Amino acid sequence: MESGNSSKVTEFILLGLSTDPNLQLPLFHFFLIVYMTTLAGNLLLIVAVRGDHRLHHSMYLFLANLSFLDLCYTSITVPKMLVDFLTENKRISFAGCLFQVYSFLLLGETECVLLAFMAYDRFVAICNPLRYRTIMKTAACIKMISTSWLIGCIISSVDILVIYQLSFCGYNTINHFFCEAPSLMQLSCSDISLTNVVKLVSSCILLLLPLSFILYSYIHIIRAVLRIRSRRHKAFSTCVSHLTIVILFYGSAIFMYMKPEHTGSLADKMLSVFYTIITPMLNPMIYSLRNKDVQGALKSIGKYLVISK
């Protein structure tokens with residue numbers, strides 16, 4: 001197998017969401033609004049958690065880190081996509097493409113593990129409430145967040161090293177709006193059997209295992225909630241937001257990364273748009289709409305800004 005350094009391809013061309021010139025400007029405006037909404041929503045959530053002492057415990061520390069991941073997640077793909085809508089030069093360097101793949105894998109894989117730890121947090125809060133403050137101390141929460149990043153870093157490094165060893169011998173047009181690993185692998189002129197095996201193993205470790213743990217946790221959570229005579233609605237409410245995000249994120253990611261082949265179809269692109277752009281925009285909205293503490297912190301920020309003026 002040839003080394004990635006000897007690849008004849010020095011840059012790639014991203015076809016984007018659509019090649020129709022009449023759609024470029026409308027798509028630019030739409031995704032610009034989505035991106036600005038994502039930045040504003042997640043930044044507000046981070047500031048709210050940081051600035052309100054009522055939110056200085058594990059659930060909201062996880063949430064702030066999730067918002068940070070989403071900020072980085074979208075910033076890896078959307079700015080380049082917005083530029084490509086306005087220019088005919090849709091090229092990206094070989095190194096830039098690999099950097100985009102690695103960053104995307106790192107952030108996405110970290111989020112997979114983080115969502116599992118967030119499920120454990122809800123499990124302890126509802127199934128063992130008297131020991132919640134003892135088990136989910138700030139130090140324990142920070143260790144879980146650090147573990148999420150460490151696992152994401154290790155597995156994404158293995159993934160990118162395997163992809164880096166692939167050879168790209170001529171055809172350099174990626175039928176996608178960013179350098180996503182499955183789409184890039186399809187362009188390789190070398191044997192991708194090992195790469196597919198690594199991708200499958202990574203997907204099982206970071207998608208199926210955490211999802212199984214989350215579902216196991218929620219089975220016990222639902223049983224515990226059904227035994228609660230009072231505060232049942234509040235207990236369910238604290239879990240619905242997290243479970244909604246899990247379904248949106250894992251559902252689309254599993255369908256995309258567990259597929260044996262990627263054709264670059266419009267359906268594949270729309271699915272990628274959903275979990276790379278739409279879900280990060282929805283996350284702060286979902287938590288804000290269902291959480292009175294977050295709503296209170298955001299109102300305090302609003303009042304402070306009004307008084308400052």
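The values are calculated or read from the model by the stated rules, or taken from the named source; none is laboratory data. Keep in mind that this is a model prediction, so the values were computed, not measured. For neighbour counting, all protein chains shown are included, and Cβ atoms are generated from backbone atoms with ideal geometry for every residue, glycine included.
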| field | Enumeration of residues in segment 1-27 that are crowded, with 16+ Cβ neighbours inside 10 Å, modelled with pLDDT under 75 and assigned to a loop (DSSP other than H, G, I, E, B) | value | Ser7
| note | Restricting segment 149-162 to residues that are touching a Ser or Thr at 6+ places or on another chain (Cβ under 6 Å) and not charged (D, E, K, R), the one nearest to Asp191 (Cα to Cα) turns out to be Val162
| field | Subset of segment 80-120 [within 16 Å of the chain's Cα centre (by Cα) and β-branched (Val, Ile, Thr)] | value | Val101, Thr110, Val113
| request: Take segment 55-94 and flag every residue that is among the charged types (D, E, K, R), touching a helix residue (DSSP H, G or I) at 6+ places or on another chain (Cβ under 6 Å) and either surrounded by 21 or more Cβ atoms within 10 Å (Cβ to Cβ) or in a helix (DSSP H, G or I) (or both). | output: Asp70
| request: For residues that are more than 17 Å from Tyr216 (Cβ to Cβ) and either surrounded by fewer than 20 Cβ atoms within 10 Å (Cβ to Cβ) or free of Cβ contacts under 8 Å to residues at least 60 places away in the same chain (or both), tally how many sit in segment 115-140. | output: 11
| message | Restricting to segment 124-163, give me the number of residues that are in contact with a Phe, Trp or Tyr (Cβ under 9 Å, 6 or more places away or on another chain) and outside any helix (DSSP H, G or I). | response | 1
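If you check Val113 against the conditions, is it part of a helix (DSSP H, G or I), in contact with a Cys (Cβ under 6 Å, 6 or more places away or on another chain) and at pLDDT 90 or above?
On the way: part of a helix (DSSP H, G or I): yes; in contact with a Cys (Cβ under 6 Å, 6 or more places away or on another chain): no; at pLDDT 90 or above: yes.
For Val113, the condition - part of a helix (DSSP H, G or I), in contact with a Cys (Cβ under 6 Å, 6 or more places away or on another chain) and at pLDDT 90 or above - is not met.
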| Residue match in segment 164-186 (condition: in a helix (DSSP H, G or I) and either exposed (fewer than 14 other Cβ atoms within 10 Å of the Cβ) or among the charged types (D, E, K, R) (or both)) | no
| field | Cβ-Cβ under 7 Å pairs, at least 6 apart or on other chains, segment 17-29 side farther than 7 Å from Phe85 by Cβ, far side at pLDDT below 95 and in a loop (DSSP other than H, G, I, E, B) | value | Leu17/Phe177
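Of all residues in segment 188-213 being over 20 Å from Ile254 (Cβ atoms) and touching a residue at least 40 places away in the same chain (Cβ under 8 Å), which is surrounded by the fewest Cβ atoms within 10 Å (Cβ to Cβ)?
Going through the qualifying residues, I end up with Asp191.
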